[in-house]
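Q: This is the structure I want to talk about, given as structure tokens.
The values are calculated or read from the model by the stated rules, or taken from the named source; none is laboratory data. Nothing here was measured: the structure is a model prediction, and the numbers come from that model. For neighbour counting, all protein chains shown are included, and Cβ atoms are generated from backbone atoms with ideal geometry for every residue, glycine included. Heads up: the accessible areas ignore ligands, DNA and RNA and are worked out on the full protein's heavy atoms, side chains in. Shrake-Rupley method; radii C 1.70, N 1.55, O 1.52, S 1.80 Å.
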Amino acid sequence: MKKGTLVKILGSFAALGAAASVAGLGTFATFTSSTSASQSIQSGTVSITLGAAGPANRLTVGASNLVAGDTIQRAVDLVNNGTAGSDNLSAIQLTTTASPSSTLDTDASNGLQMVVDKCSVAWTESAAPYTYTCGGTTSSVLASRAVIGSSLALSNLSSLTTGTTDHLRVTLTLPSAAPNTLQGQSSSISYNFVGTQRAAASK
């Protein structure tokens, strides 16, 4: 190989090496800056409960030997004990089901009829068979209707607000026009109260 050609080749390698060195410097020479923040997020709790067994919850107490025209009254406290502070409920609904079931609950016209009222103070209870009087103000929570219903809207409730209690009275009536076909029937009614959170909002 001629000396001049060798010099040109070595010169080319030197130029490539210098270019690589410059490229490498560009890769690692990066200016940076950063900042950060930490945010605490906590969700609320939607919680409604029924009163403890006793005068604050008689819904578990059954009744027997009903005849046409009889009524059954049971008191129950509905308590909003959620931890959502001012984030109150938008609604409370009641769903009733029967198991076992009979014409006492399937006959919407002649079977059991239900009314729910509330008292502004705890109901005054008589000895069994239970009846109740209100020493404060009475208001309607659910107007008279067939005992079985789904997602029934309840009105005039204080327990939409966290930390409050509604003193409810559930009255079941076997209509005076109940026919002989309702004799000897048996049903077990379950009451399910469902509270719905308030509308979503910016926080």
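Q: Looking only at the range 56-72, decide whether some residue is under 19 Å from the mean Cα position of the chain (by Cα), small (Gly, Ala, Ser) and either farther than 19 Å from residue 173 by Cβ or surrounded by 10 or more Cβ atoms within 10 Å (Cβ to Cβ) (or both).
A: no
Q: Check the range 44-65 and report whether any residue there is of a type in the set (Lys, Arg) and at pLDDT 90 or above.
A: Quick first cut of the range 44-65, residues of a type in the set (Lys, Arg) only: 58.
Add one more test, that the residue is at pLDDT 90 or above, and what stays is 58.
So far as the range 44-65 goes, yes, one or more of its residues are of a type in the set (Lys, Arg) and at pLDDT 90 or above.
Q: Six or more apart or on different chains, Cβ atoms under 7 Å: show the pairs whose first residue is in the range 33-61 and without any contact (Cβ under 8 Å) to a residue 60 or more places away in the chain and whose second is open to solvent by 100 Å² or more (accessible area, probe 1.4 Å).
A: 53/60
Q: If only one of 64, 101 is hydroxyl-bearing (Ser, Thr, Tyr), part of a loop (DSSP other than H, G, I, E, B) and without any contact (Cβ under 8 Å) to a residue 24 or more places away in the chain, which one is it?
A: Within the list 64, 101, the selection yields 64.
Q: For the range 45-55, name all the residues that are open to solvent by 40 Å² or more (accessible area, probe 1.4 Å), in a loop (DSSP other than H, G, I, E, B) and of a type in the set (Ser, Thr, Tyr).
A: Within the range 45-55, 45 is the sole residue that qualifies.
Q: Here is a follow-up. Hey, among 140, 190, 150, which residue is touching a residue at least 12 places away in the same chain (Cβ under 8 Å), within 16 Å of residue 58 (Cβ to Cβ) and open to solvent by 40 Å² or more (accessible area, probe 1.4 Å)?
A: None of the other options fit; the residue is 190.
Q: A follow-up question, please. So in the range 105-137, with the set limited to residues that are of a type in the set (A, V, I, L, M) and within 29 Å of the chain's Cα centre (by Cα), which one is surrounded by the most Cβ atoms within 10 Å (Cβ to Cβ)?
A: 112
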